[in-house]
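Asks: This is the structure, below, for whatever I ask next.
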Amino acid sequence: MDALSALGALDTSGALGLSQVQALIPVIRADLEKYADLMETEYMDLVASIHQQDQSAEYRFLVQLSDLPVLVHDEMLALRRFVALRYQVVFPELELLVASPVDYCRVVLEIGQDLAGVRAHEPRLRQIVAADKVLTIVMAALQQFPQAFQLSPGDFAPIAAACHACLELSGFLQEISQFVAGKLGKYAPNVAQVVGPVATAQLLVSTGSLAQLAQTPACNLAALGVRELLSQHKARLAPWVRAPGYLYQSPLVAGLPPEIVRQALRVISAKVVLAARIDLSRSSPDGGMGRAYRDEIRRKIDQLLAPPELTAARALPVPKEQKLKKRGGRRFRKMKERFQMSDLRKAQNKMLFGTQEQTVMDGFGDEVGLGMSRQMDGVLVNRNTDARMSKAMVARLQQQKQRETLDTIVLAPVAEKRARAPDVPGKWGTMKRQRLDGEDRG
């Protein structure tokens with residue numbers, strides 16, 4: 001535990017100065033052996049120590065140990081960059097062909113600088129990478145052999161040392177995972193069954209206790225650990241992966257297509273909260289509910305990965321061999337007469353054999369043939385094509401005409417009074433003048 005506390009204070013350690021953990025591996029392994037055999041604490045005491053201030057030494061060691069996987073991954077990436085920078089003069093394409101740091105270091109140690117005899121290493125390479133990758137590596141090595149630069153033993157020694165350090169860190173990371181898995185079988189067995197021991201320890205450290213994890217909303221779990229892991233995975237993230245936190249590193253999410261990662265995180269977050277509540281109440285101490293939740297999550301992920309169902313093309317129905325019902329009657333016959341070709345157009349479409357047709361120029365400058373239309377004596381006008389009004393329009397016009405007639409009848413007396421009104425003032429003026437003339441005479 002003292003070694004883990006002093007880990008952050010170290011600047012450089014190890015053979016190449018790129019790994020801080022490598023020098024402390026023996027000390028941490030001693031602590032792992034010490035706490036691996038400590039089985040005196042009961043389950044309820046361990047659960048109670050998670051959300052109390054007086055936490056046990058075993059729990060504090062587990063909390064500090066949960067920070068190591070992220071640091072180990074970063075150092076493995078740094079060692080891979082160190083090896084690739086120096087090995088590119090020998091085999092530059094290998095960095096693009098093998099992405100995993102562990103597999104890359106194993107291939108470098110296996111091939112070394114023997115690019116000409118790379119075919120002799122094929123059986124060993126098939127145990128490291130896939131068979132199709134082996135063929136690509138062999139072909140690229142044979143093409144690179146004429147331009148390859150031969151390093152001296154002193155220059156190749158740091159490359160081999162960095163590869164061995166990366167492999168040692170990878171094995172140590174597996175030991176940490178196994179230790180945490182064994183311990184979390186007592187602390188949070190159901191949560192560990194759902195997302196794995198490493199992610200469970202990281203979630204407990206982020207929330208502070210199992211009780212706080214059980215009270216955390218499921219929508220917030222995917223964002224836990226984003227700041228710690230964002231720098232490591234930012235270059236590999238797709239635009240739709242917004243929360244590369246601890247759950248993003250869990251075994252259920254690893255390897256999924258980026259298109260369904262968000263939906264998978266939503267399902268896993270909900271089940272983690274339920275599993276934490278079960279662990280807090282000790283309803284399933286053997287982790288049975290956690291395994292059931294994990295199987296349910298896998299079934300839902302399989303449904304998301306399943307391709308859409310193919311709907312078979314439906315064949316056309318067999319036509320029924322029956323006599324079709326043809327429309328007839330007076331209305332249909334009149335409608336056909338309105339749209340049929342006129343006699344003038346029929347005559348225009350006919351020509352006399354051996355006689356030149358008369359033509360005219362239309363308004364657009366095109367020549368239009370007249371055919372036999374000039375030889376028709378009398379052209380009957382097709383009255384079926386005249387403009388017609390519907391019955392509704394005829395009824396509206398009749399109503400409007402009736403209203404106009406009614407208005408004429410009502411307004412006729414008023415017009416007569418207005419016509420006679422100018423005569424009344426004239427007669428009254430005449431009578432007044434006659435009365436005034438009589439008074440003057442008297």
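The values are calculated or read from the model by the stated rules, or taken from the named source; none is laboratory data. What you see is a predicted model, and the numbers here were worked out from it, not measured in a lab. Heads up, the Cβs are rebuilt from the backbone with ideal geometry, glycines too, and the neighbour counts pull from every protein chain shown.
Asks: Does M389 meet the test of being modelled with pLDDT of 65 or more, within 60 Å of the chain's Cα centre (by Cα) and not in a helix (DSSP H, G or I)? First the steps, then the outcome.
Replies: On the way: modelled with pLDDT of 65 or more: yes; within 60 Å of the chain's Cα centre (by Cα): yes; not in a helix (DSSP H, G or I): yes.
Yes.
Asks: Now, a different point. Mind listing just one residue for me: the one in segment 346-379 that is modelled with pLDDT of 85 or more and among the charged types (D, E, K, R) and, of those, nearest to the chain's Cα centre (by Cα)?
Replies: Applying the filter and picking the extreme gives D366.
Asks: Pull out all pairs, ordered by first then second residue, where Cβ-Cβ is under 8 Å, the residues are six or more apart or on different chains, the first lies in segment 68-85 and is polar (S, T, N, Q), and the second is surrounded by fewer than 21 Cβ atoms within 10 Å (Cβ to Cβ) and not in a helix (DSSP H, G or I).
Replies: Going by the 8 Å Cβ cut-off, there are no qualifying pairs.
Asks: Going by what's in this entry, would A162 be described as under 17 Å from D74 (Cα atoms), surrounded by 23 or more Cβ atoms within 10 Å (Cβ to Cβ), modelled with pLDDT of 75 or more and touching a Phe, Trp or Tyr at 6+ places or on another chain (Cβ under 8 Å)? Outline the logic, then answer.
Replies: Details: under 17 Å from D74 (Cα atoms): yes; surrounded by 23 or more Cβ atoms within 10 Å (Cβ to Cβ): yes; modelled with pLDDT of 75 or more: yes; touching a Phe, Trp or Tyr at 6+ places or on another chain (Cβ under 8 Å): yes.
It is true that A162 is under 17 Å from D74 (Cα atoms), surrounded by 23 or more Cβ atoms within 10 Å (Cβ to Cβ), modelled with pLDDT of 75 or more and touching a Phe, Trp or Tyr at 6+ places or on another chain (Cβ under 8 Å).
Asks: How many residues does segment 64-104 contain that are closer than 25 Å to Q202 by Cβ and in a loop (DSSP other than H, G, I, E, B)?
Replies: 4
Asks: Among the residues in segment 292-302, are any of a type in the set (G, A, S) and assigned to a helix (DSSP H, G or I)? Even if it seems obvious, please write down each step before you answer.
Replies: Let us first name the residues in segment 292-302 that are of a type in the set (G, A, S), namely 292.
Now restrict to residues that are assigned to a helix (DSSP H, G or I): 292.
Yes, segment 292-302 has at least one match.
Asks: Name the one entry in R236, R227 that is surrounded by fewer than 16 Cβ atoms within 10 Å (Cβ to Cβ), at pLDDT below 80, farther than 24 Å from A275 by Cβ and more than 21 Å from the chain's Cα centre (by Cα). If you could, list the steps in order and put the result at the bottom.
Replies: Working: R236 fails: more than 21 Å from the chain's Cα centre (by Cα).
None of the others qualify; the one that does is R227.
Asks: So, in segment 89-121, how many residues would count as being of a type in the set (A, V, I, L, M), free of Cβ contacts under 8 Å to residues at least 24 places away in the same chain and more than 11 Å from A140 (Cβ to Cβ)?
Replies: Here is the first cut: in segment 89-121, the ones of a type in the set (A, V, I, L, M) are 89-90, 94, 96-99, 102, 107-109, 111, 115-116, 118, 120.
Checking which are free of Cβ contacts under 8 Å to residues at least 24 places away in the same chain leaves us with 96, 99, 120.
Checking which are more than 11 Å from A140 (Cβ to Cβ) leaves us with 99, 120.
Counting residues in segment 89-121 that are of a type in the set (A, V, I, L, M), free of Cβ contacts under 8 Å to residues at least 24 places away in the same chain and more than 11 Å from A140 (Cβ to Cβ) gives 2.
Asks: Let me ask you something else. Kindly evaluate R314 against the criterion of being surrounded by 10 or more Cβ atoms within 10 Å (Cβ to Cβ) and farther than 30 Å from T385 by Cα.
Replies: On the way: surrounded by 10 or more Cβ atoms within 10 Å (Cβ to Cβ): no; farther than 30 Å from T385 by Cα: yes.
No, not satisfied.
Asks: I'd like to know if segment 349-362 contains one or more residues that are of a type outside the set (F, W, Y), surrounded by 10 or more Cβ atoms within 10 Å (Cβ to Cβ) and assigned to a helix (DSSP H, G or I). Spell out the reasoning first.
Replies: Narrowing segment 349-362 to residues of a type outside the set (F, W, Y): 349-352, 354-362.
If we keep only those that are surrounded by 10 or more Cβ atoms within 10 Å (Cβ to Cβ) too, we end up with 349-352, 357-359.
Then drop every residue that is not assigned to a helix (DSSP H, G or I), which leaves none.
No - not one qualifying residue is present in segment 349-362.
Asks: Quick one: R124 ticks every box in (1) farther than 18 Å from R80 by Cβ; (2) free of Cβ contacts under 8 Å to residues at least 12 places away in the same chain except a single one, so which number is it?
Replies: Against the list (1) farther than 18 Å from R80 by Cβ; (2) free of Cβ contacts under 8 Å to residues at least 12 places away in the same chain, R124 comes up short only on (2).
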